[in-house]
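Written below as structure tokens is the structure these notes are about.
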Amino acid sequence: MNWIILIIAGFFEVAFAACLGKAKETTGQEMYLWYLGFLVALSLSMVLLIKATQTLPIGTAYAVWTGVGAVGTVLVGIFVFKEPATFWRLFFITTLIGSIVGLKAVSH
């Protein structure tokens, strides 16, 4: 169950990064709403990460959490913010996914 919690925490990491990106594109009240979304997503991500590390090794949990966040944030960048999807970006994101799966496979 804590692996699922950890993955969800990683998704909230993607959400807070996306909120920062959207806040940068807006002004006024809408910008502050994106910053509020950032704070909410950040808080939820941290609470879920803390919960997951109660039974998972901290090194593995942190690496998986940041990996899920990194992969998700790059994908949001490509699909939402129209960042380039070059061969090398996709190649290294794929190797990162493989590393996350590998950490899960060797963790006890």
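What follows is calculated from the coordinates using simple rules that are stated; it is not laboratory data. Bear in mind the structure is a predicted one, so any value in this text is a computation, not a measurement. Note that each Cβ is placed from the backbone with ideal geometry, even for glycine, and that neighbours are counted across all protein chains shown.
Where does the Debye-calculated log10 I(q)/I(0) of the chain sit at q = 0.09, 0.15, 0.19 Å⁻¹, using only Cα point scatterers of equal weight, no solvent? Results for the chain at q = 0.09, 0.15, 0.19 Å⁻¹ read -0.26, -0.67, -0.95. Across region 64-108, the residues whose backbone nitrogen lies under 20 Å from the label position 7 Å along the beta-carbon direction of MET31 are 81. With K and R counted +1 and D and E -1, the other residues having a Cβ less than 14 Å from that of ALA63 yield a net charge of 0. The alpha-carbon of LYS24 sits under 25 angstrom from the alpha-carbons of these lysines, leaving out residues fewer than 8 places away in its chain: LYS82.
Each of the peptides 71-79, 99-107 was scored by the mean count of other Cβ atoms within 10 Å over its residues; in descending order, highest first, they stand as 71-79, 99-107. Straight-distance candidates among the lysines for linking to LYS104, with alpha-carbon spacing under 20 Å and chain neighbours fewer than 8 residues away dropped: LYS51.
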